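Only one structure is covered here, and it is reproduced in the block below.
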Amino acid sequence: MGVTLPARDDVLDEAYERLFRYGPEFDGWLSNHGPMVVEVLERNHRPDAIDAWLDRYTRRLEAAPSPRWTIDRDEWREVLGDSIRLGDWLTLFETELQERPWRDVLLEWWPRLLPGAIAAATHGLIRTGHALRALENKETQSRVRELGMTLGYWAARFQPMPAARQPSGQLAPWDALARLPHIENPHGGARTRLLQLAGMAPWPDALEALCPPADPELVPAELDALVEATVGQYLEYGRAEPVMLVHAATAPAAAAAALRLLPVDLWRLTWETAWSATAAMTACYAVTGTDAGERISSLTPDEVFNRAVENGDEHVIKFTDVAILAHHRGCVAALSAASHAVSLVE
């Protein structure tokens, strides 16, 4: 008979410590998903899968970049979005979080970074959302340090949204997503595709078409509705770009996770940013004319998540996490969308 080992309360912190030797990117501009995936595995009661998953994933990663020059607190605007200074930005936030409470640092930098949330295909925003979930559950030195890594990465890759507009229309999230234009030349990386949006005449009007919440207190529900719409659209559009389209759902889910740690006066800006990021990823990667997946799944949430863990792809695991949360809020197509992602991404 096997022996049942006691649970490790610090398994997530151990995983973070293991990952701190690696940088936020590898192989060019690919984002390091390790910290995000281990947070998902721990929160979904699969800490047993973390070590083996990291054993495979970390073979792909590269060492953390070294700092070059110090970024002074009063010069941050001049170097915001300067990817060459990635090591400097990581050092800045490591120092900030050693000297000040992490909530103070978050509240200072959240509105500064939101206008550049499309950076690195929204991975700065997404990784920050995962870090904040971990901190909300338990405050430790490792989790605070992970927050610094996420903010430094976001600042170094900061990229303004092309032709940004504030939503002021009447459409619900699903209808607003359906109205979005799709880029004419769906090739190349995220930066290449985003450049096309700025020159597309329908893009600004499509951004404005979403109906804004009538009251800031409604923002959480509106963000949830946006996430559920993007999860559902994966069934229709996921086949052409099964990896990149998941970010249309995981970005607003990360923004929703951050709301609980933000003052209400930042909720509207957070919602606007989540919508623009979701809209941009949809416009760039939701290619029409693809076969849709089945809309009804016979699997349970645990079965769907275990399939995602067996698949092992970082995007599949993170998307499945978002889909399961949407399922628990009543999104009928969510588990089917997650199963569709498992089948599409090898």
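The values are calculated or read from the model by the stated rules, or taken from the named source; none is laboratory data. Since we're looking at a predicted model, the values are computed, not measured. Note that we place each Cβ from the backbone using ideal geometry, even for glycine, and neighbour counts take in every protein chain shown.
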Quiz item: Within region 220-242, can you find the residues that are part of a helix (DSSP H, G or I) and more than 15 Å from residue 177 (Cβ to Cβ)?
Solution: 220, 221
Quiz item: Consider residue 170 against the criteria (1) polar (S, T, N, Q); (2) outside the structural domain of residue 193 (by TED's automatic domain parsing); (3) free of Cβ contacts under 8 Å to residues at least 60 places away in the same chain: it satisfies all of them except one. Which criterion is unmet?
Solution: (2)
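Of everything in region 124-161, what is outside any helix (DSSP H, G or I) and buried (at least 18 other Cβ atoms within 10 Å of the Cβ)? Give them in sequence order.
If the condition is that a residue be outside any helix (DSSP H, G or I) and buried (at least 18 other Cβ atoms within 10 Å of the Cβ), then 157, 158, 159, 161 are the ones that fit.
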Practice problem: Residue by residue through region 61-82, note down the ones that are surrounded by 12 or more Cβ atoms within 10 Å (Cβ to Cβ) and on the phi < 0 side of the Ramachandran plot. | Solution: 61, 62, 64, 65, 67, 68, 71, 76, 79, 80, 82
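Is it true that some residue in region 106-116 is buried (at least 24 other Cβ atoms within 10 Å of the Cβ), on the phi < 0 side of the Ramachandran plot, out of contact with any strand residue (DSSP E or B) (no Cβ under 6 Å at 6 or more places or on another chain) and in a helix (DSSP H, G or I)?
Residues of region 106-116 that are buried (at least 24 other Cβ atoms within 10 Å of the Cβ), as a first pass: none.
No, because not a single residue in region 106-116 is buried (at least 24 other Cβ atoms within 10 Å of the Cβ), on the phi < 0 side of the Ramachandran plot, out of contact with any strand residue (DSSP E or B) (no Cβ under 6 Å at 6 or more places or on another chain) and in a helix (DSSP H, G or I).
Across region 132-150, what is the total count of residues that are under 26 Å from residue 78 (Cβ atoms) and touching a residue at least 60 places away in the same chain (Cβ under 8 Å)?
First, pick out the residues of region 132-150 that are under 26 Å from residue 78 (Cβ atoms): 145, 147-150.
From what is left, the residues that are touching a residue at least 60 places away in the same chain (Cβ under 8 Å) are 145, 149-150.
Residues meeting the conditions: 3.
Among the candidates 312, 232, 238, which residue alone is at positive phi, assigned by TED's automatic domain parsing to the domain that holds residue 188, out of contact with any strand residue (DSSP E or B) (no Cβ under 9 Å at 6 or more places or on another chain) and not hydroxyl-bearing (Ser, Thr, Tyr)?
On the way: 232 fails: at positive phi; 238 fails: at positive phi.
One residue alone meets the criteria, 312.
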Practice problem: Scan region 27-53 residue by residue and report those that are surrounded by fewer than 16 Cβ atoms within 10 Å (Cβ to Cβ) and aromatic (Phe, Trp, Tyr). | Solution: 29
Quiz item: Mind checking which residues of region 3-60 are at pLDDT below 95 and either of a type in the set (Lys, Arg) or in a helix (DSSP H, G or I) (or both)?
Solution: 8
Self-check item: region 114-126 residues that are not assigned by TED's automatic domain parsing to the domain that holds residue 265, paired with ones that are modelled with pLDDT under 95 and of a type in the set (Gly, Ala, Ser) (beta carbon under 7 Å, 6 or more apart)
Solution: 121/190
